[in-house]
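This report refers to the structure that appears directly beneath it.
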Amino acid sequence: MTIRTILHNIDENGERWLLLPIYALIVITIFMEVFRRFALSYSSIWAEEVARYAFIYVSWIGASAGIKARAHIRIDVILPFVGNRTRAVIMILGDLITIVLAVLAFWWSLESVLVSIKFGSVTHGLQISLAWFLAAVPIGFAMMLVRLIQSIIRDVSDLKAGRPVFEGKKLFD
């Protein structure tokens, strides 16, 4: 397997490979905790934190996957009434605006991680650095930025080639 093949597989399935084990962790942890509470009349302080912080990671990694598939909610009332060229320009403009917002959010969320590291904040139940969990936000925005840049490159390529721009899969047709 070449490096190029590995990078292609990561590009195609990276979010899925990250989401599956984290989602499984959430399901197993909650199932185990429900069983312990009702069958054994015992609960742990750490299980709720594990599930909560894993859910945060699932949300941000899922946002990146949504950008890759262009599956986020958007208002596209105008798109059916314009040509392919205008549609591509609108999509690229939307991605550029999203990049600006993602860069700002990345920067501001990174600050909270650095403050957590500086002051040594820890979680209540797990007693590990809170920075590991706060890092989900800048990691998610970094992944979103990569996917947005890929989207713009794809749209510009489609625009130059005269192909219709990728609009993602529609929930309702």
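The values are calculated or read from the model by the stated rules, or taken from the named source; none is laboratory data. Bear in mind that the values here come from a model prediction, so they are computed numbers and not experimental data. Reconstructed Cβ throughout: ideal geometry from the backbone, glycine too, with neighbour counts over all protein chains shown. For accessibility, only protein heavy atoms count, side chains too; no ligands or nucleic acids. Shrake-Rupley method; radii C 1.70, N 1.55, O 1.52, S 1.80 Å.
Per residue, the convex hull spanned by the alpha carbons of the chain comes to 168 Å³. Of the residues PRO138, PRO21, PRO80, which exhibits the maximal mean-square fluctuation in a Gaussian network model of the chain defined by a 10 Å Cα contact cut-off? Of PRO138, PRO21, PRO80, the most mobile in the Gaussian network model is PRO80. Between TRP108 and ASP11, the simple spin-label model (points 7 angstrom out along Cα→Cβ) gives 3.2 nm. A helix-only calculation puts the chain at -26000 deg cm²/dmol for mean residue ellipticity at 222 nm, using -39500 (n - 2.57) for each DSSP H run of at least four residues, averaged over all residues. Overall, the stretch 35-173 carries a charge dipole of about 300 debye about its Cα centre when +1 sits on the Cβ of Lys and Arg and -1 on the Cβ of Asp and Glu, all other atoms neutral.
Counting only protein heavy atoms and a 1.4 Å probe, the chain has 68 square angstrom of accessible area per residue.
The relative contact order of the chain, computed from alpha carbon pairs under 8 Å that lie at least 6 residues apart in sequence, is 27 percent.
For the chain, with all protein chains present and a 1.4 Å probe, just round the carbon and sulfur fraction of the accessible area to a whole percent. So the carbon and sulfur contribution to the accessible surface is 73 percent.
I want to verify a result. In a Gaussian network model of the chain, Cα cutoff 10 Å, which of these has the top mean-square fluctuation: LEU130, LEU40, LEU25? Of LEU130, LEU40, LEU25, the most mobile in the Gaussian network model is LEU40. Taking a label point 7 Å from the Cα of ILE149 along the Cα→Cβ vector, which residues of the stretch 106-143 have an amide N closer than 17 Å to it? The answer is 106-107, 138-143. Specify the residue with the greatest mean-square fluctuation among ILE97, ILE61, ILE73, computed from a Gaussian network of the chain linking alpha-carbon atoms under 10 Å apart. Comparing ILE97, ILE61, ILE73 in a Gaussian network model of the chain, the most mobile one is ILE73. Measuring with a 1.4 angstrom probe and ignoring ligands and nucleic acids, GLU12 comes out at about 80 Å² accessible.
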